[in-house]
Amino acid sequence: MLATEREEFIRKLILEKRVVYVNNLAEELGVTRPTVRNDLDKLVKKHSDLTRIHGGIMLKEEIMSKDLTDGISEYSERAFVNKEEKKAIAKKAIEFVNKGDTILLDSSSTCFEFATELVTFSEQLTVITNGISTGAILKQNRHINVLVIGGLLKANSNTIYDEFFSPILDNFNIDTYFFSASGLSLDGGFSENNLMEVKHKRTNVVNSKKTIALVDSTKFNKDSSSTFCTFEEVDILITDAKLDKRIEQQFNSCIKIIKADS
């Protein structure tokens, strides 16, 4: 297949799937990964609606949101806030995933970034999530069994609420629950504004063997409407390199903090 033919094939695939990855393309096209990366770089230069991501290429968020309902725009805007910091946190979080693990991800934009990192994870893994975009991006990895929790789709978000009390989580031993929060403070612990999220996150924290919080530095010393867990219930807090050293020292007395590389 000629380079122009590969580019046309990849372009059509992107428009269909919205996100495609180097490993999958190399296997499907029967070429090397460096060849695919070179094709992707050329495509990004030719088409303004495409953007390179770690391990692949995707339609720009603003393009995808136009194709979806207007309600998803609010979530897309949140996904762009502190995006680089969230990416750094996601890269660090990969260090806490092991072959054969069963992990649970919430529907936050930080866990979405984590999912984009997991797409290149080369070991067998089971991931359970209530995030639509999170599940969709993870399905690109043939090593990962992806389970999306069914229920009510919340307006203006990426979140499915398990309104039908599905017992799906009762069938799994969750090794690690990765989650984010709207805010955290020394007095209030980890908190959220939406009461449905509070209920689900509380249940997930209690039922998981290990809990790891992925929270960027802008969320510190902020309280949302309701606390869903205390610092004592969380094993590790991963944040970005921008966290002020004085704030880090204050929180270090309550929880183990790991700062991602800048």
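The table that follows gives values for the structure above.
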| item | result |
| --- | --- |
| Extreme residue, modelled with the highest pLDDT, among residues of segment 1-19 that are open to solvent by 50 Å² or more (accessible area, probe 1.4 Å) and within 21 Å of the chain's Cα centre (by Cα) | R18 |
| Selection within segment 1-46 - among the aromatic types (F, W, Y) and under 13 Å from M58 (Cα atoms) | Y21 |
| Residues of segment 230-262 satisfying the condition of being without any contact (Cβ under 8 Å) to a residue 40 or more places away in the chain, under 21 Å from the mean Cα position of the chain (by Cα) and part of a loop (DSSP other than H, G, I, E, B) | D235, L243 |
| Segment 26-58, subset part of a helix (DSSP H, G or I) and in contact with a strand residue (DSSP E or B) (Cβ under 8 Å, 6 or more places away or on another chain), residue surrounded by the fewest Cβ atoms within 10 Å (Cβ to Cβ) | D41 |
| Of all residues making up segment 151-168, the number that are in contact with a helix residue (DSSP H, G or I) (Cβ under 8 Å, 6 or more places away or on another chain) and either at pLDDT 90 or above or under 17 Å from N204 (Cα atoms) (or both) | 4 |
| Whichever residue in segment 76-97 is part of a loop (DSSP other than H, G, I, E, B) and modelled with pLDDT under 95 and, among such residues, is most open to solvent (accessible area, probe 1.4 Å) | V81 |
| Residue pairs meeting the criteria (Cβ under 7 Å; at least 6 apart or on separate chains; first of a type in the set (S, T, Y), in segment 127-151; second open to solvent by 40 Å² or more (accessible area, probe 1.4 Å)) | T129/V148 |
| Unique match (being touching a residue at least 24 places away in the same chain (Cβ under 8 Å), more than 27 Å from D175 (Cβ to Cβ), open to solvent by 30 Å² or more (accessible area, probe 1.4 Å) and outside any loop (DSSP other than H, G, I, E, B)) among T218, T227 | T218 |
| Total residues in segment 103-136, condition hydrophobic (A, V, I, L, M, F, W, C), touching a Phe, Trp or Tyr at 6+ places or on another chain (Cβ under 7 Å) and outside any strand (DSSP E or B) | 3 |
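The values are calculated or read from the model by the stated rules, or taken from the named source; none is laboratory data. Computed from a prediction, not measured in an experiment: that's the story for all the values here. Neighbour counts run over all protein chains shown; Cβ positions are idealised from the backbone, glycine included. Accessible surface areas use protein heavy atoms only, side chains included; no ligands, DNA or RNA. Shrake-Rupley method; radii C 1.70, N 1.55, O 1.52, S 1.80 Å.
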